[in-house]
Amino acid sequence: MIRISKLTKPLLATAFLFAGTIAFNTVSAQSSSQAKMKTFIDGLMAKMTLEEKIGQLNLVVGGEATTGSVVSTGVEDKIKKGQVGGIFSVTSPQRIRKVQELAVKNSRLKIPIIFGLDVIHGYRTIFPIPLGLAASWDMGLIQQSARVAAQEASADGLNWTFSPMVDISRDPRWGRIAESSGEDPFLGSAIARAMVKGYQGDNLAANNTLMACVKHFALYGAPEAGRDYLSVDMSHIKMYNDYFPPYKAAVDAGVGSVMSSFNDVDGIPASANKWLLTDVLRKQWGFKGLVVSDYTSVNEMIDHGLGDLKAVSALSLKAGMDMDMVGEGFLTTLKASLKEGKITQAEIDRACRNVLEAKYKLGLFEDPFRYCDDNRAQTEIFSDTHRKIARETAARSFVLLKNQGVLPLQRKGTIALVGPLADAKENMVGTWAVSADVSKATSLLAGLKAVAGSNVNIVYAKGANVADSLLEARTSIFGKPWQRDNRHPDTLIAEALRAAANADVIVAAVGELAEFTGEASSRTDITLPQSQRKLLHALNATGKPVVAVLFTGRPLAIPEEDKHLPAILNVWFGGSEAGYAIGDVLFGDVNPSGKLPATFPRNVGQVPIYYSYKNSGRPQGTDEFQKFRSGYLDERNSPLYPFGYGLSYTSFGYSDITLSSKKLKGAQKLTATITVTNTGKYAGEEVVQLYLRDLVASNTRPLKELKGFQKISLKPGESKQVSFTVTTDDLKFYDHNLKHIWEAGEFTLFMGGNSRDTKSINFWWDK
């Protein structure tokens, strides 16, 4: 109990009154702002013709960068006629100013255009791919990456980004897992909030922020067979408990727009799914912003089998779609559908209002050219400051998967740098970095030489091609040539062995090309290609220590590499400064602290694989095969590397868990505490993770669910107490009636450095 003195009471009353006044004034200001916006939009729409309203629903591509298979035509003429609401893939203040002038000087009502782009993990300064960013488990770092991206993109004239992608994915065959935050809804939700905050800041009308667009709504990360665009079929319980939370977190964080997904849900494509776009998004979650289709996803419903272009466009509008990306079905068919009674004027007005409100919030009606500042474009893009941030971020995203005392490297002797990705700077930026200048990226070879210093001799050999020529050719897009060496594979390996002959250690740069992942880059084989496996086998046979630097946009199945190589550092695709950042970690200037946001399987046959699975009625309690238990004849159930896993150059010890109480009731709060000690010789960071299990419930529950994490820094020998507060909100789940509830009973609390290696304790919570 806190005792309040007589002197304190008046002060507290004044403080409460002041706080209440601030809250009232904030709400009042928001209400006034909303009223002002409504008045303005009402007045504008009263002047608009039907054709002009439909024109606002048309989002076209300018053709500067291609992210799909269609490029819009006749854009200039359509702008003058008021038939374009937004454009993407046009950049630079000069170009955007010219396009904006067409709208505000030549169209009848002078309505400005919104300009967007796929700014996914950086603009010109490229950060690690989103899966790599997620591996940092550092929300401040992730938010900062989005802030830098917003500053650069807005300096180049843009005001809308089609990010963050928050799709939960538990299938590494799916190429777009590289753009996701991994498999977990709790971690994914935290990242969604951080990204939205980073892009949008505190003021969407500021000229250094972007309107974010959460995607892909919904369930895009769970296609059948891991094949992009394919059908998604799952229970509503699984949707609400596992897949919906990151989308909702973005909405709760105030995201300005939402993009529909390509896949169908419950047999209805998302772009015409009223249950998704209206019932869940708007009615249940209270979303007030703009809904945009994915690239031609409205048109693609023809192939889904929902009718011709007029039919699918009408279905999409009625479902809650506001803006049609590239397909122009809205532009060319809605007027006829209105006349035929297939849609209503109110539905067109709703969509038009949402588009106009987005522009109003961005401040475009006040100043259509607020993002067209030539000085900002010259000074705020790819700056030294931003490159430094990108380098630091990349280093903190790397995950040390194995280390038998080989790392960190010493700054002396000879290092043989071998592998198809050792001198491949064009691949460092990873997938979906459409605005990157890959010529300015830093390769591992260049970065390692710069970081190593003059006392280290680095000898380079390619050693192998990434894969067979067909696979490489299929992924040579977005300005990333694959630079194939057409010499015989044995010749390449022999050259690598000569480079390794006098080396003290071998660094092997292996893995995937950047575009092995990303959109339309699904794979059935998630092992290393045969060409690289042969190279690693030959290098390992030399008897010299081999450090595998693993470039990947997905969890890979690498059990043989884990068995035979003494060190593996997973560097994802680290962005513009990847080469330097890898050098920083290899030489120990930065102690790796990344943790896996997605499980690494032993075998593709285990997919989908994730930590928070449920028991069957016949669980296999160990990795030893048991007949008539849930397991495989030819493989263990356990993953190669579990969710949350990642090593350090130091080691950490965990005490037993202490609880503030083992019996709680009602609205009480539980404090769980553990002491973490740095038991090694290097300073390092550790991500302390908290998991819960509901032991008895009305619905089957996962064996573990992440409910908290903290990243701490410890010097050698230092200990810190880490505490988490658990409330009944952390016990809640959606039951079979889709009610968000918690139930009284016994629970297990786990704490540790990953989802597998934890300490545990039980407690009881009554209603």
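The values are calculated or read from the model by the stated rules, or taken from the named source; none is laboratory data. Keep in mind that what you see is a predicted model, and the values were worked out from it rather than measured. Note: ideal-geometry Cβ built from the backbone for every residue, glycine included; neighbour counts use all protein chains shown. SASA here: full protein model, heavy atoms, side chains in, ligands and nucleic acids out. Shrake-Rupley method; radii C 1.70, N 1.55, O 1.52, S 1.80 Å.
None of Ala390, Ala377 is within 30 Å of Val571 (Cβ to Cβ) and open to solvent by less than 30 Å² (accessible area, probe 1.4 Å) except Ala390.
Output yes when any residue across the range 30-38 is within 28 Å of Val434 (Cα to Cα), open to solvent by less than 40 Å² (accessible area, probe 1.4 Å) and at pLDDT 90 or above, and no when none is. Scanning the range 30-38, I find no residue that is within 28 Å of Val434 (Cα to Cα), open to solvent by less than 40 Å² (accessible area, probe 1.4 Å) and at pLDDT 90 or above, so the answer is no.
Can you confirm whether Val251 is over 18 Å from the mean Cα position of the chain (by Cα) and part of a helix (DSSP H, G or I)? In short, no. Residue-level check: of (1) touching a residue at least 60 places away in the same chain (Cβ under 8 Å); (2) more than 24 Å from Ala46 (Cα to Cα); (3) of a type outside the set (S, T, N, Q), His304 misses just (1). Would you mind stating whether Arg108 is touching a Pro at 6+ places or on another chain (Cβ under 8 Å) and basic (Lys, Arg)? Considered against the rule, which asks whether it is touching a Pro at 6+ places or on another chain (Cβ under 8 Å) and basic (Lys, Arg), Arg108 comes out as no. Of the helices (runs of 4 or more DSSP H) lying entirely inside the range 444-523, those carrying at least 1 residues that are under 26 Å from Lys412 (Cα atoms) are 444-452, 489-500. Every test in (1) surrounded by fewer than 19 Cβ atoms within 10 Å (Cβ to Cβ); (2) assigned to a helix (DSSP H, G or I); (3) among the basic types (Lys, Arg) is passed by Arg411 save one, and that test is (2).
Total residues in the range 550-579 satisfying the condition of being part of a strand (DSSP E or B) and open to solvent by 20 Å² or more (accessible area, probe 1.4 Å): the figure is 0.
Residue-wise test of (1) in a strand (DSSP E or B); (2) at positive phi; (3) touching a Leu at 6+ places or on another chain (Cβ under 6 Å); (4) among the acidic types (Asp, Glu).
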| site | (1), (2), (3), (4) |
| --- | --- |
| Ser661 | no, no, no, no |
| Thr673 | yes, no, no, no |
| Val676 | yes, no, no, no |
| Asn699 | no, no, no, no |
| Gly717 | no, yes, no, no |
| Phe724 | yes, no, yes, no |
| Glu743 | no, no, no, yes |
| Trp764 | yes, no, no, no |
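Taken together, the residues in the range 179-217 that are in contact (Cβ under 8 Å) with a residue 60 or more places away in the chain, surrounded by 24 or more Cβ atoms within 10 Å (Cβ to Cβ) and in contact with a Lys or Arg (Cβ under 6 Å, 6 or more places away or on another chain) amount to 1.
Any residue at all in the range 334-345 that's under 15 Å from Gly116 (Cα atoms) and out of contact with any Asp or Glu (no Cβ under 7 Å at 6 or more places or on another chain)? No: the range 334-345 contains no residue that is under 15 Å from Gly116 (Cα atoms) and out of contact with any Asp or Glu (no Cβ under 7 Å at 6 or more places or on another chain). Looking across the range 751-762, the residues that are crowded, with 18+ Cβ neighbours inside 10 Å and farther than 17 Å from Ser661 by Cβ come down to Gly752, Gly753, Asn754, Ser755, Thr758.
Exactly one residue out of Val607, Val585, Val590, Val547 is touching a residue at least 40 places away in the same chain (Cβ under 8 Å), more than 30 Å from Ala496 (Cβ to Cβ) and either open to solvent by 30 Å² or more (accessible area, probe 1.4 Å) or more than 19 Å from the chain's Cα centre (by Cα) (or both): that is Val607.
Checking every residue in the range 257-267 against the condition of being open to solvent by less than 10 Å² (accessible area, probe 1.4 Å) and assigned to a helix (DSSP H, G or I) gives zero matches. Against the criterion of being among the small types (Gly, Ala, Ser) and farther than 20 Å from Val687 by Cβ, Ala149 qualifies. Residues considered: Ala538, Ala514. Of these, the only one that is within 21 Å of Thr125 (Cα to Cα) and of a type outside the set (Asp, Glu) is Ala514. Looking at Tyr240, Tyr229, just one residue is part of a loop (DSSP other than H, G, I, E, B) and either closer than 21 Å to Met323 by Cβ or in contact with a Leu (Cβ under 8 Å, 6 or more places away or on another chain) (or both), and that residue is Tyr229. Checking the stated criteria, Gln689 turns out not to satisfy the condition of being more than 25 Å from Tyr613 (Cβ to Cβ) and either part of a strand (DSSP E or B) or at pLDDT 95 or above (or both).
Scanning the range 460-487 for residues that are modelled with pLDDT of 85 or more, more than 16 Å from Arg523 (Cβ to Cβ) and either out of contact with any strand residue (DSSP E or B) (no Cβ under 6 Å at 6 or more places or on another chain) or surrounded by fewer than 17 Cβ atoms within 10 Å (Cβ to Cβ) (or both) yields Lys462, Ala464, Asn465, Arg484, Asp485, Asn486, Arg487. The residues of the range 587-606 that are in contact with a helix residue (DSSP H, G or I) (Cβ under 7 Å, 6 or more places away or on another chain) and closer than 23 Å to Glu561 by Cα, listed by number, are Phe587, Pro592, Ser593, Gly594, Lys595, Leu596, Pro597, Ala598, Arg602. One residue stands out among those in the range 627-659 that are assigned to a strand (DSSP E or B) and not β-branched (Val, Ile, Thr): the one that is surrounded by the fewest Cβ atoms within 10 Å (Cβ to Cβ), which is Gly653. Of everything in the range 227-246 that is hydroxyl-bearing (Ser, Thr, Tyr) and more than 23 Å from Leu315 (Cα to Cα), the residue that is most open to solvent (accessible area, probe 1.4 Å) is Ser235. Among the residues making up the range 669-694, those that are under 25 Å from Asp735 (Cα atoms) and either of a type in the set (Val, Ile, Thr) or in contact (Cβ under 8 Å) with a residue 60 or more places away in the chain (or both) are Leu670, Leu690, Tyr691. Pairing residues of the range 639-650 that are modelled with pLDDT of 95 or more with residues that are open to solvent by 10 Å² or more (accessible area, probe 1.4 Å) and among the β-branched types (Val, Ile, Thr), at Cβ distances under 8 Å and at least 6 apart in sequence or on separate chains, gives Pro639/Ile609; Thr650/Thr679.
Screening Cys372 on (1) open to solvent by 50 Å² or more (accessible area, probe 1.4 Å); (2) within 22 Å of Thr125 (Cα to Cα) shows it passes everything except condition (1). For the range 611-652, filtering for residues that are in contact with a strand residue (DSSP E or B) (Cβ under 8 Å, 6 or more places away or on another chain) and among the basic types (Lys, Arg) leaves 1. Taking the criterion of being out of contact with any Gly (no Cβ under 9 Å at 6 or more places or on another chain), polar (S, T, N, Q) and open to solvent by less than 60 Å² (accessible area, probe 1.4 Å), the residues of the range 711-750 that qualify are Ser723, Thr727, Thr748.
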